[in-house]
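> Following this message is one structure expressed as structure tokens.
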Amino acid sequence: MSKKNASVNSSSDFWERNRRSEGYLLRRRIKSACISIARALLMFGLCFMIIQPMITRFSMSLMTERDLYDSTIVLLPRHVTLENYKIVADLTDFPRSMLNTLWISIVISACQVVAATLVAYGFARFEFPLKKFWFACVVLIIIIPPQTIQTALYITFANFDIMGIFKLTTGKALNLRSSLVPYVLMSLTCMGLKNGLFIYMLRQYFKSVPESLEEAAYVDGCSTLHTFFKIMLPDAAPTIASCFLFSFVWQWTDLFYSRNFLTGYKTYAVQMSTMASRMGRYFSKDANQSIVVPNGRSLQLISIAVLICCVPLIILYCFTQRTFVESLTMTGSKE
Amino acid sequence: MSKKYRKIHDHWYDGIKEALMMYIPGNKVFGTMAARRARIGTLFILPFIIGFIFFMVRPLIFSLQMSLNEVTLKAGGGFEMAWNKFNNYHYAMATDPNFNQYLVTEIGRMGINVIATLIMSFVIAVILNQKFKGRIFCRIIFFLPVILSSGVLPGIESSNEFYNMMSDISNSVQNSSGINISATLENLLSVSGVASQVFDVIFQMIDAIYDIVMASGIQIIVFLSGLQSISPSLYEAADVEGCSGWESFWKITFPMVSPLLLVNCIYTIIDFFMKNDNRVIELINNTMYGVKLNFGVASAMSWIYFGVALAFIGVGTFIITRAVKSYE
């Protein structure tokens, strides 16, 4: 009763107020309603556009080959099948390649983040000679396309040697090409995938922490290393976590570094990119011959592989999106 | 840490003498607090210095060397280099049938994409910063492109030749049946005789809107973080003084966020230059690992490409710093 009364009151109140403001209130209400409708439409459209390929991929993944060529079927398959997933799993060596990718991504991103945190702290808090020069180098490694140096790196690691030590002791240089060592080395020395960006982000964060915190620690007799671990690191955890996540995601889908340095391990991204070439052999009955796989079919299988690649990342992202966004809010704002 | 010490380091090259004094014992600077801090700081960035020298400078020099030499593979697995002046560069620019053409088209595409990405991500960030129902849901979705456009994912389906063929066919079908809205509109507008080149560019953008949204994940986050750092009291004050929303957008929001334009612009250019579905990079890879194994020419190509990228970043930085300054 009282509720109804209140609403009646407020509506009559509205018209009363509107009359008193000479129609301004009504105009304003209409304007804001129009804006929010337009905004809702725009947002819906854009969100739909982002999600739609995933939906199409999913529905396509359930179709049989016959449904694929049936132009009357758009989204809902007539003959639902799960066989495609099995084929894709066979083609990409599914559980094994995924597990490989998982542990490689974790190892590499951990290395990258540890190195980047140390370097970023050095840049943010210490004054040392040539600091500007070294920071310019950080920006440079963000800018240089890795393709420029890929051959040279390849050769460096094919005959790896630290100032002739291995040549002296064993007689010849090491070939590290198919092991994880080169890439771990590169990640630990901040030359991995988009590592410059992490240094930049973390430096921005460390600079935003008030210096008085550390000074207080120094006054109380804390050593530099102790201050770093006990005072700076715990607060930096969200930013470091978001760097780790970025690194993880980029490593997960990376093709360039995996193809060049991780040839000994079957990673999912590489398996996925070479999948099309293995299809012909897979579908022919005879193991020594290959047949031409129809276009639509091969496209369907590739998009299933993409879907499988994305799903773990999307699940991870849904749980951690707060970390992603909030820590960037802290790092990006200061120039 | 002292202010005096900081003043010395206005230029990076001023530091060399101090460096020697700080790192080598036996002089009076060595024992000071500043020198100790400097040594610790250098230790912190040591991983970067090592990596930069061994895994960046050395390969860069090697690659430059290769680009200036005729590189032939030896049977044992080594290389033989013979100085051939700038023949590789000459070959890449003048003889190779595709490189020039790809470079120009990719640059054209990049110009449009960078501008479109900046505008798009800014608009989306402004909208996401407002309060409305389902905002959190929208945010989750708009950051999905960060994942969906990374690494192999964007290129993998379009690199499939069959797919290109199929999409060509479906495009032509759409065109003939008139379902394609933007093409129809374009026809209408071009009939009415408005400057057609401008419209071409705009329609190109509209057709590529999916790519643009997919490429603007990080940029949206950066802009959004900038927007959230603006204190609400500024808007309140403007509102009290009778500023309309439009005015406060141009007088408060835009100037406050414009420094981030530079960051985003550079990021977008770099991102575009390194994308997997970039045809120049494809060409470089093919030249390097394809049938010919032409390392010299491939290195020359990637150096030209890097030079162009650097030039664009320079130009972008120049324009944006100028434009931003005029707002202050």
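> So, in nm, how far is label B:Phe249 from label A:Asn18 when the simple model puts each one 7 Å beyond its Cα toward the Cβ?
For the pair B:Phe249/A:Asn18, the computed spacing is 2.6 nm.
> To the nearest hundred square angstrom, how large is the accessible surface buried between B and A, total for both chains, probe 1.4 angstrom?
The summed interface area works out to 8300 Å².
> Now for a separate question. Can you give the convex hull volume of the alpha carbon atoms of the range A:1-146 per residue, in Å³?
Taking only Cα atoms, the range A:1-146 has a hull volume of 403 Å³ per residue.
> Where in chain A are the helices, taken as whole DSSP H runs, whose Cα atoms extend 15 angstrom or more along the long axis and whose Kyte-Doolittle mean reaches at least -1.0?
Long hydrophobic helices here: A:24-61, A:94-125, A:131-143, A:195-208, A:233-253, A:295-332.
> Shifting gears a bit: Averaged over peptide A:42-51, how many Cβ atoms belonging to another chain are found within 10 Å of each residue's Cβ?
Other-chain Cβ atoms within 10 Å of each residue's Cβ, averaged: 5.
> Also, quick follow-up: Which order do peptides B:134-140, A:235-241, A:77-83 fall in by mean Cβ count within 10 Å, highest first?
A:235-241, B:134-140, A:77-83
> Can you tell me the FRET efficiency between A:Val181 and A:Cys222 if r is taken as the Cβ-Cβ distance and R0 is 35 Å, rounded to the nearest 0.05?
Calculated transfer efficiency: 0.45.
> Something else now. Can you tell me what the convex hull of the Cα atoms of the range A:83-332 projects to on average, as an area in nm²?
Its average projected convex-hull area is 18.5 nm².
> Right, something else. So what's Rg/Rh here for the range A:189-274, counting alpha carbon atoms and using the Kirkwood radius for Rh?
Reported Rg/Rh, Kirkwood definition of Rh: 1.17.
> Where a ≥ b ≥ c are the square roots of the eigenvalues of the C-alpha gyration tensor, would you call the range B:192-264 rounded, which needs a/c under 1.5, or, failing that, prolate if a/b is larger than b/c, or oblate?
oblate
> Could you run the Karplus curve 6.51 cos²θ - 1.76 cosθ + 1.60 with θ = phi - 60° over the range B:306-315 and give me ³J(HN,Hα) per residue in whole Hz, x for Gly and Pro?
Once rounded to whole Hz, the list reads 5, x, 4, 4, 4, 4, 5, 4, x, 4.
> Further, regarding this structure: For the range B:225-252 and the range A:218-266, write down the distance between their C-alpha centroids in whole Å.
Here the answer is 37 Å between Cα centres.
> Could I ask something else about it? Between rounded, prolate and oblate, where does the range B:102-154 land on the alpha carbon gyration tensor, with a ≥ b ≥ c its root eigenvalues, rounded for a/c under 1.5, else prolate if a/b exceeds b/c?
Oblate, since a/c reaches 1.5 and b/c is not below a/b.
> Per-residue counts of other Cβ atoms within 10 Å, averaged by peptide: what ranking do you get for A:95-104, A:34-43, highest first?
A:95-104, A:34-43
> Evaluate peptide A:137-145: per residue, the Cβ atoms of other protein chains within 10 Å of its Cβ; return the mean as an integer.
Going residue by residue through A:137-145 and averaging, the value is 6.
> With a 1.4 Å probe and all protein chains left in place, how much accessible area per residue does chain A have, in Å²?
Solvent-accessible surface per residue comes out at 50 Å².
> Grab the Cα-Cα distance for B:Phe199 and B:Met93, subtract it from 0.36 nm times how many residues apart they are, and report the gain in nm with one decimal.
Extra length from B:Phe199 to B:Met93 when fully extended: 35.0 nm.
> Scan around B:Glu70 for amide H atoms under 5 Å from its own, H built in the peptide plane at 1.01 Å from N, and keep only partners 5 or more places away or cross-chain.
B:Ala82, B:Trp83, B:Asn84
> For peptide A:237-250, how many partner chain Cβ atoms fall within 10 Å of a residue's Cβ, on average?
Average neighbour count from other chains, rounded to a whole number: 1.
> Something else now. Under the rule of -39500 (n - 2.57) per DSSP H run of 4 or more residues, summed and divided by the residues of chain A, what mean residue ellipticity at 222 nm is obtained, to the nearest 500 deg cm²/dmol?
Roughly -24000 deg cm²/dmol at 222 nm, from the helical runs in chain A.
> Then there's this: Tally Lys and Arg at +1 and Asp and Glu at -1 over the other residues with C-beta under 12 Å from the C-beta of A:Asp90: what net charge comes out?
+2
> What's the ranking of B:43-53, B:81-91 by average number of surrounding C-beta atoms within 10 Å, highest first?
B:43-53, B:81-91
> So, one more: Once you place label points 7 Å from the Cα toward the Cβ at A:Thr320 and A:Glu211, how far apart are they in nm?
3.3
> Could you grab the relative contact order for chain A? Cα pairs under 8 Å, six or more apart, rounded to a whole percent.
Relative contact order here is 24 percent.
> Calculated FRET efficiency, A:Tyr282 and B:Val57, Cβ-Cβ r, R0 41 Å, to nearest 0.05?
0.35
The values are calculated or read from the model by the stated rules, or taken from the named source; none is laboratory data. Predicted, not measured: the structure shown is a model, and the values here were computed from it. Note: ideal-geometry Cβ built from the backbone for every residue, glycine included; neighbour counts use all protein chains shown. Note: accessible area is taken over every heavy atom of the protein model, side chains too, but ligands, DNA and RNA are not part of it. Shrake-Rupley method; radii C 1.70, N 1.55, O 1.52, S 1.80 Å.
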